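Written below as structure tokens is the structure these notes are about.
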Amino acid sequence: MNKLYLIIPLVLTLTFSGFYLTHQKEAAAAAVQAQAEAAKAAAEAAAQKAEAEKQARDDADRRTAERVAEEKKKEDEKRAKWEAQSKAIADDTATYSSQAEKNAAEVKALEAKLKSLREEKDKAIQAGLDFDLEVEKARIAKRATELEIQRLVEMIARKNGTTLAPLAATP
């Protein structure tokens, strides 16, 4: 019996060891296969991630290029609009400056004409006043002459002793 106690556990241990080694080899092969599949999956995931990053980078580059192009377009439009407005302002300024010079020359000519017309008016007024003065002097001289004639007629009438009242009354 003593032998049986040793042989049965030994046979069972050898059988167990055989199963264990077989199972361990299968498990190692499965682990290697799982590791290979995991590495393959990781490689696929990395490839997909790299592809997604590449697409994202390409998309970001495209959007950046579009944004830069749009900003450049807006900047060009703004610059063109600014240049057009500057040109319009310069044209208006030149037009109004030439118009102002033309108007200034016209004002100068009109002022000269107004001055000459005022001088002519002053001369005409002075001539009218001089004429009125001459007329008044002529009236005064006429009146003085009439008075002198009347006085002479009165003196002659006194000398002769007769009065010529009807003659003296006629102006």
Report task. Those residues that are hydroxyl-bearing (Ser, Thr, Tyr) and modelled with pLDDT of 90 or more, I need them from the stretch 1-31; list them, please. Result -> Thr13, Thr15, Ser17, Tyr20, Thr22
Query - Residue check for Val153: modelled with pLDDT of 95 or more and either assigned to a helix (DSSP H, G or I) or at positive phi (or both) - result: no
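The values are calculated or read from the model by the stated rules, or taken from the named source; none is laboratory data. Just so it is clear, the structure is predicted and the values come from calculations on it, not from any experiment.
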